[in-house]
1. Return the residue satisfying two criteria in turn: it lies in segment A:53-75 and is of a type in the set (Gly, Ala, Ser) and over 14 Å from the mean Cα position of the chain (by Cα), and of such residues it is surrounded by the most Cβ atoms within 10 Å (Cβ to Cβ).
2. When only residues in segment B:6-23 that are outside any helix (DSSP H, G or I) and at pLDDT 95 or above count, which is nearest to A:Leu7 (Cα to Cα)?
3. Of the residues that make up segment B:147-165, is at least one touching a helix residue (DSSP H, G or I) at 6+ places or on another chain (Cβ under 6 Å), assigned to a strand (DSSP E or B) and over 29 Å from B:Pro22 (Cβ atoms)?
4. Kindly establish whether B:Arg141 is in a loop (DSSP other than H, G, I, E, B), basic (Lys, Arg) and over 26 Å from A:Leu111 (Cα atoms).
5. Only one of B:Ala113, B:Ala109, B:Ala94 is within 14 Å of chain A (Cβ to nearest Cβ) and outside any loop (DSSP other than H, G, I, E, B). Can you tell me which?
6. Residue check: is B:Tyr148 of a type in the set (Ser, Thr, Tyr) and away from chain A (no Cβ under 14 Å)?
7. Which members of segment B:1-18 meet the condition of being surrounded by 14 or more Cβ atoms within 10 Å (Cβ to Cβ) and within 14 Å of another protein chain (Cβ to nearest Cβ)?
8. If A:Met38 meets every condition in (1) in contact with a strand residue (DSSP E or B) (Cβ under 8 Å, 6 or more places away or on another chain); (2) within 14 Å of chain B (Cβ to nearest Cβ); (3) under 19 Å from A:Leu111 (Cβ atoms) apart from one, which number is that one?
Amino acid sequence: MHGSPELPLSFTLNGDAVSVEADPAARLLDLLRYDLGMTGTKEGCGEGECGACTVWIDGLPADSCLVPAFQVDGREVRTIESVDPARLGPLLSSGATQCGACTPGVVMTGLWILENPGLLRSHAIRELMAGNLCRCTGYDGIIEGIEAALGTRS
Amino acid sequence: MKVERPRALAAALGLLGDAAAPLVPLAGGTDLLVHWPVRPDARTRGYLDLQRLDELRGIRWSEDALELGALATYWDVITDSRVGAEFPILVEAARQVGAIQIQSRGTWAGNVANGSPAADGVPVLMAFGAVIVLESRQGRREVPLDAYYSGYREGARREAELIVAIRIPRRAHALQRFVKVGPRRAQAIAKVGLAVARSEEGWRVVAASVAPTVRRCRAVERRLEERGLPGSPEELDDALRADVAPIDDLRSTADYRARVLARVLFDATRKGGA
């Protein structure tokens, strides 16, 4: 499509082995959305400011707009499509979602906190969530939803 | 667009230095991917992906130095309790780089190579007297970070070289402080950055966003050595004027930067250790 030779990639996506040929200029975000049809991950700013495109790479949140697709070769990628909707209850009831543009990224970072609660020994939820911008909620609902999911909020 | 993805450092070095096919080293991508691939030259450039070079990963300790491999990320440093105990401002600075999504990918070596005058990682490294380890087919050489930059985004790395490590001498510090002044606390680029360290070798003062490069403030260091702690921020003005040259730009003004730098420096030298 762009005149560059395609690069072969193999990686794990939400637990499944995937092998594809990717445009060397494709970002992970492009590979997910346009080559693999996984459109749950959203593009917000496209320059690593807003976190809407957050996915996990080898267990850590990353902005998929800032990762060349070829760099996930051999890695484990986890996207919003892996998340059981039943887990989203606390976010829905705390007012953590309005327009929804940031929500897939918010969920992926929030899930990382839920699955790694030891992070809270050194970090506050608000600091860990600082890479996910939301222009609707004012953030308190997001923090409250994560606290509720952690069971640390009465 | 050409991408090379070698699996060994020797192979990577073998690909560098070909004037007909220059390659841009790519580590975490958090700088190079901004505006990618919209920039037309991103499509015609060649890149050298470093992510398969496991030799460059991680943090190594020796008796007299902490060595960050070229692929060591901010998150690697944040989660290393030994770094937190011995070099707390390395962790503090890392925690102020973007947020986890950037910290998990961005590398210290990339921050050095990118050469931004507003870099968050470079000031603390320079305050600790870090040395940049460069390697090419011809061998290794080492450049002190405070001698690495020759101008705006101009570093000592030659086309044939790769930054393979950053070596930080282990010294006892009586004081270490890092201050980042930005428009907000998270996800911001510095209007003023400052790192201060005091060891048996004396004061080291490094400022960011107030000169074409991150700048070691030698006049300020001399002022502190010869005349002790300042009684007011204004007492630092003459030395600061000799060291830095802030400008008006999209993020701040020269006047604001000069005033704030003097005040955060005054504050940093007077408070106890970090």
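1. That would be A:Ala69.
2. It comes out as B:Pro6.
3. Among the residues of segment B:147-165, not one is touching a helix residue (DSSP H, G or I) at 6+ places or on another chain (Cβ under 6 Å), assigned to a strand (DSSP E or B) and over 29 Å from B:Pro22 (Cβ atoms), which makes the answer no.
4. So B:Arg141 fails the test.
5. Answer to the selection: B:Ala94.
6. Criteria met by B:Tyr148.
7. B:Met1, B:Val3, B:Glu4, B:Arg5, B:Pro6
8. All conditions pass for A:Met38, except number (2).
The values are calculated or read from the model by the stated rules, or taken from the named source; none is laboratory data. Quantities reported herein were computed from a predicted structural model and do not represent experimental measurements. Note: ideal-geometry Cβ built from the backbone for every residue, glycine included; neighbour counts use all protein chains shown.
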